[in-house]
Every structure is written in structure tokens, then in C-alpha cells.
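Written out below as C-alpha cells is the structure these notes cover.
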Amino acid sequence: MKRALVLLAIAMLAGCASAPASSNDAPPLQVTLLQSGTAAPDVYYFRGPVNIQYDLAVKNPTNDQYTLRRLDIQSIGQGAYRIRTGAQPMNQKIAPNGTTSVHLSTWGRSTGGFMSSGEPVSVRVIAQFAGPNGKTFQKVFTETLSQFGQ
């Protein structure tokens, strides 16, 4: 049993050593996610697949250009729908001294029911970037997205 725990600890440390730089070492990019689209308010009444659209905005106050390399969006807890995109590769250039917007579309799964159809959805976003020197870093954040006014 002790041997298994030691091997698990070593594996976890090895995984941390190869991970991208944490948000503490990262440049001051500001990343936000908003739900967009013109879905009818009753689209989440029935359980099943639903198309969900987002707008990802990256504000770059620096003089360097960055590249969005990977994006992972996952719902957290209960809400009108659930989503898990997995880490999707991207190659979106983030211009210096400005804001770059990216329109995203993916499939989610409505939880169904009149009561849950208007519940806000909380999502965790992991955005991985590459800097001008090739060094990678990631921004991890959560957003709570209202389902009213859709």
C-alpha cells in the first residue's frame, strides 16, 4: 500500500513538472466568456442535445503577440445544460494592445424541465496560450452564464 502511494505521488509530481506555467507567471491577459446566440427561451425545456454559442474575448494590454493554442470549457454543477468540450486545439493570434474576440459553437446537453430551463450555467474555462518566445501558460477561470434574455 505504501509503495502504491509513493508511486502515485511521484506520478503526480512528474505531471506537475511538465504542466504549462501557472497563472501567477503568466502575462496579464484578461479572458472572458459570454454566451451568445439567439436561442428561444424554451430551448432547454426538453432533455437532449442543444447547440450553444459563446464569444471568447481576450484583452492583451502588452506589446507582444500571443497565440491561443488550446481551449477547454466544462460546466460545473447544475444548470440549464451541461457541457464538456475537452481540450480543443486552436491557433488564434491575440493582437498586442487590443482585444481579440472568437466566436465558438459547440454541443451541450439540456437537463430538461421547466424549472431548470432558466437556471444559470457555471463553466470552468482553461485557455492555454503560447508567448512570443514559445513559452506556454494557461489562464483558468469560471463564469456564471445567465439563461434569461436568450
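Throughout, read-outs are computed from the coordinates displayed, never taken from laboratory work. All figures in this text were calculated on a predicted structure; none of them were measured in a lab.
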In vacuum, with every alpha carbon of segment 20-145 counted as one equal point scatterer, what does the Debye formula give for log10 I(q)/I(0) at q = 0.13, 0.18 Å⁻¹? Two decimals, please. -0.55, -0.91
Between segment 41-66 and segment 76-111, the Cα center-to-center distance that results, in Å: 5
Could you give each residue of segment 87-92 its phi-based ³J(HN,Hα) in whole Hz, using Karplus coefficients 6.51, -1.76, 1.60 with θ = phi - 60°, and x for Gly or Pro? 6, 9, x, 9, 8, 9
Extension reserve of the T99-D72 stretch, reckoned as 0.36 nm per residue once the Cα distance is removed: 7.7 nm
For K93, counting only aspartates and glutamates whose alpha-carbon sits under 19 Å away and dropping same-chain residues fewer than eight positions off, the answer is D55, D64, D72
